[in-house]
Amino acid sequence: MDTKRSASGGLDLKETQSGPESQKWFHRALQLLPGGVSSPVRAFRAVGGTPIVIREGQGAELVDVDGRRYLDFVGSWGPLILGHAHPEVVARITEAVQRGTTYGAPCPDEVELAELVIESYPGLEQVRFVSSGTEATMSAIRLARGATGRDLIVKFSGCYHGHADHLLVSAGSGLVTFGQPSSAGVPSSFAELTRVLPLDDEERLRDLFSQEGDRIAAVILEPIPANNGLLLQRREFLQELRRLTHLHNTLLIFDEVISGFRVTPGGAAELYGITPDMVTFGKVIGGGLPVGAFGGSRDLMKHLAPEGSVYQAGTLSGNPIAMAAGRATLEVLRQSGGWSRLEALGRSLEEKIRPVLASTDQPMSIVRVGSIFWMVSQSEPPRSAETINDAQADKYRSLFAGLLERGIYLAPSAYEVGFLSLAHQQSDLDRFARALAEVLGVD
Ligand code: PMP
C-alpha cells in the first residue's frame, strides 16, 4: 500500500496495491486484453493501482488469486442479489446444464421466467429476452422508433443505458469515471437524434416537449439513476415526465436494468406508482448469467419480428441455463421475503454508516434506496449529474484504498453504487462501518 499525503480533503492519498498473484495475472492480461480487462471500470484506473484478480466468490465474500478475502459490496455490479454461488441457483444451473447448454429453440424455462417477470411488473404484458442490458435498451429504442415512426429520443445526462451508439451520449458509469462526455466512434449524425436533458428539471423537460414533442419517439431514463452515483429523483419530476410523454404520444421507457427486481418486484414503477410504456431489465433477472429483457404491452410488442417489422434476434437469447438461474433467483427472493429483508439490511447499513460520515470534518452523506447505496462527498445528496461535487473522485480514491486494505470491496469508481445481497449479515455491516470509521479517522 503506497501512502502519500493528500493535497485536499485531509485523507491520506492511498493507492491500492494488489497481491503478487493478482499482479502476475493482470500483467499477463495486459498483453492480451485492452487495459487488461473485459469491461473498462474493472481496470482500477479511477482509483489507481492494479485490480484484484478474483479466484472465487462465496456468499458475501470474494477471494482473490492471492487468497485475500473481501467483503463484497459490488455483487458483480448488481446481479448477485442473493450473493455469490447461492446453493439454489447453483443447483438449478447444474440441473439445467445436464440437459444441454443451448438449443436455439423455444424452451419451458423462458416461458416460466417471462411469466414471473410479467406478473411482477406493472402494465407489462410481453417480454423479449436478450443477453445483456445493452441489447435490451438498444432493442427497446429500435422498437419505440419502429412503433411510433419517429426518430428522436431523449435521455438524461448521467443516465447510462449500455453502449449502443445513440445512447452513448452524456452517459454515466465508466464514462463519468473517465470524464468522457461520449465515445469516439459514435457518428455525430446518430448523436444528433438524441436529445439530452438534465435530471430533476421539469422546466427544461416542458421546453423540449413544447418545441419537439411530436417528433420524440421515446424518453428513456433510469427511474432510479444509479450509474452516476445514486441520483434519487422527486416523484413529481417522474410524474411530469409521464404526463408530457402521454400528452405527446411519446413512449416512456424505464431502464430498470439495475433497479428491476432490486428494490421491489415491480421495480421503480411500483416504488413510484408510475407505469412506463416499456421497460428494460438485466442484471438480477439473469441470476448472474448474461440476460437482459425488454417489454411492454402486447399492442406495442406486436411490432417486433416475427409478428411485426422491427427486427431483433439473438443466438443465445432465452438460453436455458441463464433462464434457470434467473428463475431460481426470483423464486428465492419471492419465497424468502427477499425484498423486505433487503430493505431492512439497507436501512441498517444506512443507520450504521450515517453517524460515521457525520463525525468527519468533511461534508459526506450516504444515499440509499433498498439495497442500493452510495457515499457522496457533500451533505445534501445531489439529484442531477451536474450538481455532484467535483471533489468526489479524489476523495473516493483514498476511501476505496483504505477499505480494500481492510478487506472491504467497493466499486473501483466514485460514481458507482454499492449493492447489498441477502448473503450479507448484520456483522458484515458492522465490519464495514468499523473499517470506514478507521479509514476516515473517526473514533
Ligand atoms: N442500463 C443500465 C441502467 C445499466 O446500469 C447497465 C449496465 N450497468 C446497462 C443498461 C447495460 O447493461 P449491460 O452492461 O448488461 O450491457
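Before moving on, here are some points about what is shown:
- Whichever residue in the range 36-92 is polar (S, T, N, Q) and outside any loop (DSSP other than H, G, I, E, B) and, among such residues, is nearest to the ligand (Cβ to nearest atom): Ser76
- Condition check for Gly273: at positive phi and away from the ligand (no atom under 14 Å from the Cβ): yes
- Qualifying residue in the range 406-429 (condition: surrounded by fewer than 18 Cβ atoms within 10 Å (Cβ to Cβ) and within 22 Å of Arg42 (Cβ to Cβ)): yes
- Residue list for the range 107-121, restricted to those being open to solvent by less than 60 Å² (accessible area, probe 1.4 Å) and either outside any loop (DSSP other than H, G, I, E, B) or out of contact with any strand residue (DSSP E or B) (no Cβ under 9 Å at 6 or more places or on another chain) (or both): Cys107, Asp109, Glu110, Leu113, Ala114, Leu116, Val117, Ile118, Ser120
- Residues (modelled with pLDDT of 60 or more and exposed (fewer than 15 other Cβ atoms within 10 Å of the Cβ)) located in the range 1-34: Pro20, Lys24, His27, Arg28, Leu30, Gln31, Leu32, Leu33, Pro34
- Verdict on Glu386 being at pLDDT below 95 and over 30 Å from Thr50 (Cβ atoms): yes
- Lone qualifier among Leu241, Leu252 - being away from the ligand (no atom under 13 Å from the Cβ) and touching a Ser or Thr at 6+ places or on another chain (Cβ under 8 Å): Leu252
- Residue that is nearest to Gly292 (Cα to Cα), among those in the range 320-355 that are open to solvent by less than 50 Å² (accessible area, probe 1.4 Å) and acidic (Asp, Glu): Glu331
- When the residues of the range 188-213 are filtered to those that are over 18 Å from Val169 (Cβ atoms) and free of Cβ contacts under 8 Å to residues at least 60 places away in the same chain, the one that is surrounded by the fewest Cβ atoms within 10 Å (Cβ to Cβ) is Glu203.
- Taking residues in the range 71-87 that are under 16 Å from Glu256 (Cβ atoms), and partners anywhere that are open to solvent by 30 Å² or more (accessible area, probe 1.4 Å) and assigned to a helix (DSSP H, G or I), the pairs with Cβ atoms closer than 9 Å and at least 6 places apart or on different chains are Trp77/Lys283; Gly78/Lys283; Pro79/Lys283; Ile81/Lys283.
- Long-range neighbours under 7 Å by Cβ, at least six apart or interchain, first residue within 24 Å of Asn389 (Cβ to Cβ) within the range 158-170, second part of a helix (DSSP H, G or I): Gly158/Ala385; Val169/Ala191
- All positions within the range 81-106 that are open to solvent by less than 40 Å² (accessible area, probe 1.4 Å) and under 23 Å from the mean Cα position of the chain (by Cα): Ile81, Leu82, Gly83, His84, Val89
- Subset of the range 122-145 that is small (Gly, Ala, Ser) and crowded, with 23+ Cβ neighbours inside 10 Å - its residue that is farthest from Gly287 (Cα to Cα): Ala144
- Any hit, the range 342-352, residues being outside any helix (DSSP H, G or I), modelled with pLDDT of 95 or more and either hydrophobic (A, V, I, L, M, F, W, C) or within 24 Å of Gln233 (Cβ to Cβ) (or both): no
- Of all residues in the range 214-226, exactly one satisfies the criterion of being open to solvent by 20 Å² or more (accessible area, probe 1.4 Å) and of a type in the set (Asp, Glu), namely Asp214.
- Per the conditions (1) within 26 Å of Gly286 (Cα to Cα); (2) in contact with a Ser or Thr (Cβ under 6 Å, 6 or more places away or on another chain); (3) assigned to a loop (DSSP other than H, G, I, E, B), the sole criterion not satisfied by Pro381 is (1).
The values are calculated or read from the model by the stated rules, or taken from the named source; none is laboratory data. What you see is a predicted model, and the numbers here were worked out from it, not measured in a lab. Counting neighbours? That spans all protein chains shown, and the Cβs are built from the backbone with ideal geometry, glycine included. These area figures cover heavy atoms from the full protein model, side chains too; ligands, DNA and RNA do not enter into them. Shrake-Rupley method; radii C 1.70, N 1.55, O 1.52, S 1.80 Å.
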